[in-house]
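Single-structure report; data block below.
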Amino acid sequence: MRKPQDNACETGKLKREIAWFYNQPLAIRLGTKLQGDVDRMDNVGQCWDTLDIAVAWVRESGMRHLSERLASFLRNGGELSVIVGIDLENTTREGLQALLNLECCGQCETFVYHNEAGSVFHPKVYLFRNEEEARLIVGSNNITESGLYVNVEAGLQVDATADAEVVVEVQKALSSWKDTTSGLAKRLDKDFLANLVREGYVPDEAAAREKIRRESTIRPRKGAAALFGSRTFEPPPPIRSETSPVGPSGVRALRPSTPTPVMSAGQIPSGTVLLMRLRKASATASATGRPTQTQIPFRVVNTFFNGATEVRSIHSGVAHGIHEASARGNPNTTKLEIPEMRDFAQPVARFEKTSQGIVYEAYDVDSPKGHQIMESLEEGRNDGSTQLSIGNPERATWWRFI
């Protein structure tokens, strides 16, 4: 555990509470954000000492994105406490087993909350703490792949001192939810998980997916016109980890393994999202007839755009080519036409790798969506996930993977 005088995470002890709203999947994806928060280090080591989670549903589809990071957090001395509901058959056996697997990595406990009278356990709370600071995330995201990456979700992040009133109140709520004397919360172990499965409280992952597909997919009547548009969002590939054979406890233990690189050159997979603050081709673009052209830094080209020859606009459906420019026979920049930004004072864009290629959407920073993308880029500057092409922020291109 860190000493009180060593508690500074990134910027030193907070003087006041700082709140930040997030909009998924436009400007943030909570799965990627949680990975970054769990991994965060400062000058004395792991930034956070404890992580408390309370969610309505946990599935293996979500845990496969988090398990390796959480295992590393525990092996480095972190403490993890999870409270999960099992209502509406949306938490799965595999999701609970993934939480049990983490117990071999360090100090970890899981509680299952359920009320037989029918009141649904429905919070979504993530609380990081060390001895001086706390980061509270309260939103709509469950630990499922869709909840962490694909669904339209929203939430509020509050950074505060560890003794702030809001943090203390959240800790009290968490304690009340895992109070086993109430009869509503039970500590999860191998035997209790077997009971939950045997008595039909939790389904297998495949059965839960089929139930969701069958019951919640709304389709127009046969032959009727669709009344809404359609857009598919793709999650990133999960981080793979190996499991050891079942030990004496019957729990499969995670072996330390190297996570799949998220941003290795040439390996950016489908489902990866890039936010950018764009710069027009020149300061006098409107005068030179290039108000729709931007230059992409080679560091971004060589990772996210590597091998791509075009990007397709979400707004118009039109594809635009990516062109490498040279000076004296040597490549010196990569150019991209984005017609939508012609009249933008400050353009920002969201690029997503899909199975059909790279798609983009572009906005002016003063528009509602543009403002949220810029807020995410600004937030990334605080934790180092936003990068700049040059040292001058005003003249630089900014980018962040989410």
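The values are calculated or read from the model by the stated rules, or taken from the named source; none is laboratory data. Computed from a predicted model, the values in this text were never measured in an experiment. Here the Cβ is made from the backbone with ideal geometry for all residues, glycine too, and neighbour counts use every protein chain on show.
Within the set of pairs 6+ apart or on separate chains, which have a first residue in the stretch 79-94 that is touching a residue at least 24 places away in the same chain (Cβ under 8 Å), a second that is among the small types (Gly, Ala, Ser) and outside any helix (DSSP H, G or I), and C-beta atoms under 6 Å apart?
Every condition considered, the pairs that remain are 83/54; 85/56.
Given the options 299, 290, name the one that is part of a loop (DSSP other than H, G, I, E, B), of a type in the set (D, E, K, R), modelled with pLDDT of 70 or more and surrounded by fewer than 17 Cβ atoms within 10 Å (Cβ to Cβ). If you could, list the steps in order and put the result at the bottom.
Numbers: 299 fails: part of a loop (DSSP other than H, G, I, E, B).
Every option except 290 fails the conditions.
Residues checked against (1) touching a helix residue (DSSP H, G or I) at 6+ places or on another chain (Cβ under 8 Å); (2) in a helix (DSSP H, G or I); (3) under 23 Å from residue 337 (Cβ atoms); (4) not aromatic (Phe, Trp, Tyr):
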| residue | (1), (2), (3), (4) |
| --- | --- |
| 351 | no, no, yes, no |
| 359 | no, no, yes, yes |
| 363 | yes, no, yes, no |
| 373 | no, yes, yes, yes |
| 379 | no, yes, no, yes |
| 382 | no, yes, no, yes |
| 390 | no, no, yes, yes |
| 394 | no, no, no, yes |
| 400 | yes, no, yes, yes |
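Using beta carbons and a limit of 6 Å, which pairs, at least six apart or on different chains, have the first residue in the stretch 265-279 and over 13 Å from residue 235 (Cα atoms) and the second one at pLDDT 95 or above and aliphatic (A, V, I, L, M)?
275/373; 275/377; 276/349; 277/348; 277/377; 278/349
Which residue pairs have Cβ atoms under 7 Å apart, sit 6 or more places apart or on different chains, and have a first residue in the stretch 48-60 that is within 22 Å of residue 78 (Cα to Cα) and a second that is of a type in the set (Gly, Ala, Ser) and in a loop (DSSP other than H, G, I, E, B)?
Matching pairs, first to second residue: 48/78; 49/78; 50/78; 51/78.
Out of the residues in the stretch 320-333 that are more than 29 Å from the chain's Cα centre (by Cα) and either surrounded by 11 or more Cβ atoms within 10 Å (Cβ to Cβ) or of a type in the set (Phe, Trp, Tyr) (or both), state the one that is modelled with the highest pLDDT.
Residues of the stretch 320-333 that are more than 29 Å from the chain's Cα centre (by Cα), as a first pass: 321, 323-333.
Restricting the remaining residues to those that are either surrounded by 11 or more Cβ atoms within 10 Å (Cβ to Cβ) or of a type in the set (Phe, Trp, Tyr) (or both) gives 321, 323-324, 331-333.
Working: 321: 94, 323: 89, 324: 86, 331: 76, 332: 69, 333: 77.
The residue in question is 321.
From 400, 350, 342, grab the single residue that is free of Cβ contacts under 8 Å to residues at least 60 places away in the same chain and among the basic types (Lys, Arg).
Numbers: 400 fails: free of Cβ contacts under 8 Å to residues at least 60 places away in the same chain; 350 fails: free of Cβ contacts under 8 Å to residues at least 60 places away in the same chain.
Only one candidate passes the filter, namely 342.
What pairs come out if I take residues in the stretch 304-315 that are in contact (Cβ under 8 Å) with a residue 60 or more places away in the chain and pair them with residues that are of a type outside the set (S, T, N, Q) whose C-beta lies under 7 Å away, six or more apart or interchain?
Once the first residue is in contact (Cβ under 8 Å) with a residue 60 or more places away in the chain and sits in the stretch 304-315, its partners that are of a type outside the set (S, T, N, Q) give 304/268; 304/274; 304/351; 314/359; 314/360; 314/361.
Of everything in the stretch 52-95, what is in a helix (DSSP H, G or I), under 27 Å from residue 198 (Cβ atoms) and more than 20 Å from the chain's Cα centre (by Cα)? Give them in sequence order.
Selection gives 87, 88, 89, 93, 94.
Output the residues belonging to the stretch 355-402 that are closer than 20 Å to residue 299 by Cβ, surrounded by fewer than 21 Cβ atoms within 10 Å (Cβ to Cβ) and among the small types (Gly, Ala, Ser).
384, 385, 389, 391, 396
Just to check your reading of the model, which residue among 75, 40, 29 is among the basic types (Lys, Arg), crowded, with 22+ Cβ neighbours inside 10 Å and farther than 30 Å from residue 116 by Cα? Spell out how you get there, then give the answer.
Working: 75 fails: crowded, with 22+ Cβ neighbours inside 10 Å; 40 fails: crowded, with 22+ Cβ neighbours inside 10 Å.
None of the others qualify; the one that does is 29.
In this structure, is residue 252 more than 25 Å from the chain's Cα centre (by Cα), part of a loop (DSSP other than H, G, I, E, B), at pLDDT below 50 and surrounded by 14 or more Cβ atoms within 10 Å (Cβ to Cβ)? Steps first, answer last, please.
Numbers: more than 25 Å from the chain's Cα centre (by Cα): yes; part of a loop (DSSP other than H, G, I, E, B): yes; at pLDDT below 50: yes; surrounded by 14 or more Cβ atoms within 10 Å (Cβ to Cβ): yes.
Criteria met by residue 252.
Can you give me the ranges of the helices (runs of 4 or more DSSP H) entirely in the stretch 115-219 with at least 3 residues that are within 17 Å of residue 80 (Cα to Cα)? Explain how you work it out, then say what you get.
Working: elements: 165-177, 190-198, 205-216.
Correct list: 165-177.
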